[in-house]
1. May I ask you to list the aspartates and glutamates whose Cα is less than 19 Å away from that of Lys230, ignoring any residue fewer than eight positions away on the same chain?
2. Of all beta bridges DSSP finds with both residues in segment 70-236, what is the antiparallel percent, to the nearest 5?
3. Going by alpha carbons, how many degrees (0 to 90, nearest 10) lie between the helix axis of 21-38 and the longest principal axis of the chain?
4. Counting Lys +1, Arg +1, Asp -1, Glu -1, what net charge surrounds Pro238 among other residues with beta carbon under 11 Å of its beta carbon?
5. Relative contact order for segment 70-236: what percent, with Cα pairs under 8 Å and sequence separation of 6 or more?
6. Which residues make up the longest stretch of the chain clear of trypsin sites (Lys or Arg not before Pro) that lie in a DSSP loop with no more than 10 other Cβ atoms within 10 Å, not counting the sites?
7. Would you kindly derive the ³J(HN,Hα) couplings of segment 47-61 from the backbone phi angles with the Karplus curve 6.51 cos²θ - 1.76 cosθ + 1.60 (θ = phi - 60°), listing them in order in whole Hz, with x for Gly and Pro?
8. With every protein chain in place, what's the accessible area of Ser48 (1.4 Å probe, Å², nearest 10)?
Amino acid sequence: MSFCEEMIRDRLEANGLAAVPEQIERIHVYFQMLKEWNTRMDLIAQMSDEEIIDRHFVDSLTVLKTELLPDAGKVIDVGTGAGFPGMVLAMMRENLSVTLMDAQMKRLKFLSAVQEACGIRNVEIIHGRAEELGRRKEYREAYDAAVARAVAPLSVLCEYLLPFVRMGGCALCWKGPAIRDEMENGRRAAHLLGGRLEMPVECPVSGRDWNHLILPIRKTEKTSREYPRKAGVPKARPLGGTQPA
Ligand code: SAM
């Protein structure tokens, strides 16, 4: 095992995440490709190797220590960017069928290259905006979970995510402590879209003071056909109102 693979294994173990050698190898290939492609395109901010592992890979996987994600089923990662959290989750949970979706084609090209290099079979990569794909029959209310990290404020995220979630399923929003300011509008937006906010679950990364958490939104009613609204509208006129300045 290389020094870098040992570092990945150690950071996963420090966070209570057990991985078999094949999983560490895949994450290592993904990590090396991320750094290499990042010299040519804007995928992630510059930081040390250990911080990349913690900030992107471990942070994506903390959900596996909770009961929030099913062991098997269909998951869509909305605004996946360089594949967080969806690609890492697919690498660690082969029983999940993961759709990685983003509006930026160049990021999806990177993800296709990772998929090919690592031989990932449980991932589908699609290009488009949440507002358009969420209206399409094949994606609408077709997922057990819709996940998103660093994509939009909660009220906007509700309109992006909930149309994809089947009744009884969940939207899972990776958030930081600023979530407190987003809760009120988020609750109103979720209600209009057939969702109900549940208790946020703390998802710390060992040795980091990020105070990250995951907010589940349960789908309790079907989403009205009027949502999502046209591309750009959810962000310009968030359903639950705009956040306080
Ligand atoms: N989720 C990744 C992460 O945590 O590293 C990427 C975060 S990046 C800051 C936000 C991503 O969301 C970008 O790749 C952007 O193209 C995508 N995005 C934003 N709004 C979107 C929308 N309405 N539909 C699809 N993708 C969107």
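The values are calculated or read from the model by the stated rules, or taken from the named source; none is laboratory data. These numbers come from a predicted model, not from an experiment. Heads up, the Cβs are rebuilt from the backbone with ideal geometry, glycines too, and the neighbour counts pull from every protein chain shown. Note: areas computed on protein heavy atoms with side chains; ligands, DNA, RNA excluded. Shrake-Rupley method; radii C 1.70, N 1.55, O 1.52, S 1.80 Å.
1. The qualifying aspartates and glutamates are Asp102, Glu131, Glu132, Glu138, Glu141, Glu159.
2. Looking only at bridges with both residues in segment 70-236, the antiparallel portion is about 35 percent.
3. 80 degrees
4. +2
5. 20 percent
6. After excluding every exposed loop site, the longest remaining stretch is 138-224.
7. Whole-Hz 3J(HN,Hα) from phi for segment 47-61: 6, 5, 4, 5, 6, 4, 4, 5, 5, 9, 7, 5, 4, 5, 8.
8. 70 Å²
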